[in-house]
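One structure below.
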Amino acid sequence: MYNAKIAGLGYYVPENVVTNDDLSKVMDTSDEWIQERTGIKERRHVINGDGDTTTAMGVKAAKVAIERAGIDKDEIDFIIFATLSPDYYFPGPGVLVQRDLGIKTVGALDVRNQCSGFVYALSVADQFVKTGMYKNILVIGSELHSRGLDMTTRGRGVSVIFGDGAGAAVVTRSEDNSKGILSTHLHSEGQHAEELSLIAPGMGQRWVLDIIDDNDPDDTSYYPYMNGQFVFKNAVVRFSEVIMEGLKTNGLTADDIDMLVPHQANLRISQFVQKKFGLSDDQVYNNIMKYGNTTAASIPIALTEAWEEGKIKEGDTVVLAAFGSGFTWGSAIIKW
Ligand SMILES: CC(C)(COP(=O)(O)OP(=O)(O)OC[C@H]1O[C@@H](n2cnc3c(N)ncnc32)[C@H](O)[C@@H]1OP(=O)(O)O)[C@@H](O)C(=O)NCCC(=O)NCCS
């Protein structure tokens, strides 16, 4: 068995900043409401025509991660791409990254686990590296939400939360067994699948031709639906459980955590978890204020920023945790 470590990190967010005040010009909301409930001050939205797609943003983040890993793109031997907002219905963006980065014909896998997507993808990479099957795996989380949100008062409960961006990591074989990804923990509860979902387009609902014919302005099935309070209540429980599970597996306690990088769902959720584990502000990394919730991209963006700011150092115990649509949730315990 080998060990797997994160050898390089990168992120990319579109330049276009959308503040809460900008949103209040197109829907009935306010900076005060959004900040109080979510902690979000602004987020990034792509501008049509600037070339930013889920894949393109992922490629930009990946280039930084690959360079920082100190390897050539031709040394990547597998690609894993997590997103809920792919460029195409199919094929998924993994193969588009393989093409656009000019990587040789390695395998490309798409992960569909929404806010938990990066933790799931990291877990898959970890297994492939640990078994010796692959040496350098490119893991990307990227989302383009803004084109799919209901930017009217009808959609305000969801649309103010989500933002666009991408993050990437190179997961590499390590001979040092004392460092790297110690364990990952994945869960799901499909019973609540529809509580945070985007039902259409999906073959489970209607004939594609009916959907095209309908053109019904009252049809909200093309927009994400979220039962906000129900999601909140489940999130705080599952975040706590899965962090505890990871700590216990490794014989650790909350006192051993140097840095918790939670999925940036809502600042209130992060604060709840921080309090529950008795962590200081320096031990939890949050950037939802700047970027909103970028789903599968949120952990790799936050992890990259934390690392760039020198908040993650060699030997640190870093905990990643996520919860989201599915419901799915997961954690990763890393010795940096
Ligand atoms: C979404 C969330 C911020 C909403 O906060 P909330 O306190 O639950 O608010 P509610 O949905 O109960 O709505 C309260 C009121 O605010 C209104 N409201 C909703 N969105 C609003 C907005 N953007 N601006 C102003 N008012 C808004 C509602 O219409 C409702 O009005 P009413 O009382 O007149 O009916 C909160 O539920 C949440 O953060 N949930 C978790 C979301 C999450 O983390 N998702 C990602 C998981 S990965």
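Numerical summary
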item: Cross-link table K311/K335; K73/K313; K104/K311, entries beyond 23 Å C-alpha to C-alpha; result: K73/K313; K104/K311
item: Percent of Cα pairs exceeding the 23 Å cut-off, where the set is region 180-335; result: 42
item: The chain: proportion of alpha-carbon pairs further apart than 29 angstrom, %; result: 34
item: Coil-residue GluC sites (Glu not before Pro) of region 255-336, DSSP, other Cβ within 10 Å capped at 16; result: E309, E314
item: Residue range of the chain that is longest and free of trypsin sites (Lys or Arg not before Pro) which are both DSSP loop and sparsely packed (at most 12 other C-beta within 10 Å); result: 105-312
item: Whole-number D in µm²/s for region 3-174 (Stokes-Einstein; Kirkwood sum over Cα pairs; 10 °C, 1.306 mPa s); result: 95
item: Integer Hz, Karplus 6.51/-1.76/1.60 couplings in order for region 245-256, x for Gly and Pro; result: 4, x, 4, 4, 3, 9, x, 10, 10, 4, 5, 7
item: Net lengthening on full extension, D74/Q191 (0.36 nm per residue, minus Cα-Cα); result: 37.9 nm
item: Distant-in-sequence amide H partners of D110 (H built 1.01 Å from N, under 5 Å); result: F81
item: Reach of K25 by Cα under 16 Å, taken over aspartates and glutamates that are not fewer than 8 positions away in the same chain; result: E42, D150
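Only the coordinates and a few stated rules stand behind these numbers; no lab work does. Here the structure is a predicted model, which means the values were calculated and not measured. Virtual Cβ from ideal backbone geometry, glycine too; neighbours counted across all protein chains shown.
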